[in-house]
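Beneath this line is the structure, given in structure tokens, with notes to follow.
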Amino acid sequence: MTSRKNEAFQIAAEKNYTSIGEMRLDLIKNYDNLIKSGGSQPATLKALKISSRTIYRWKELLRKEGILGLETYSTRPNRI
């Protein structure tokens, strides 16, 4: 089991992004596909279990920074 986990981390390292970024990208794609196929925004967001603020924030990060922008990052302030 650990070898599969290590392999996954190695693949992610080679791509310079993790499965978190891929998961968020998949959610964005699913959201766009469901909306294009005629789904309502509230129903789509509820089905995907994400908020509208989150999807729009992720889409903006993807537009500005690419898939690396979808990675988790610290929101902790540098100084207090």
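The values are calculated or read from the model by the stated rules, or taken from the named source; none is laboratory data. Since we're looking at a predicted model, the values are computed, not measured. Here the Cβ positions follow ideal geometry from the backbone for every residue, glycine too, while neighbour counts run over all protein chains shown. What goes into the accessible areas is simple: the full protein's heavy atoms, side chains included, and nothing from ligands, DNA or RNA. Shrake-Rupley method; radii C 1.70, N 1.55, O 1.52, S 1.80 Å.
Sorting ILE28, ILE67 on solvent-accessible area from highest to lowest, probe radius 1.4 Å, gives ILE67, ILE28. Taking Lys and Arg as +1 and Asp and Glu as -1, the other residues whose beta-carbon sits under 11 Å from that of THR44 total +2. Accessible surface of TYR73, taken over heavy atoms with a 1.4 Å probe and every protein chain present, rounds to 130 Å². Ordering GLU71, GLU65 by accessible surface, largest first, gives GLU65, GLU71; the 1.4 Å probe counts only protein heavy atoms, with every chain in place.
Extending 7 Å from the Cα toward the beta-carbon at both ILE80 and ILE35 defines two label points whose distance is 4.0 nm. A probe of 1.4 angstrom, applied to the heavy atoms of all protein chains, finds SER52 with accessible area near 50 square angstrom. Coupling constants for the range 73-80 follow from the phi torsions by the Karplus curve (6.51 cos²θ - 1.76 cosθ + 1.60, θ = phi - 60°), and in residue order they are 9, 6, 9, 5, x, 6, 10, 9 Hz; glycine and proline get x.
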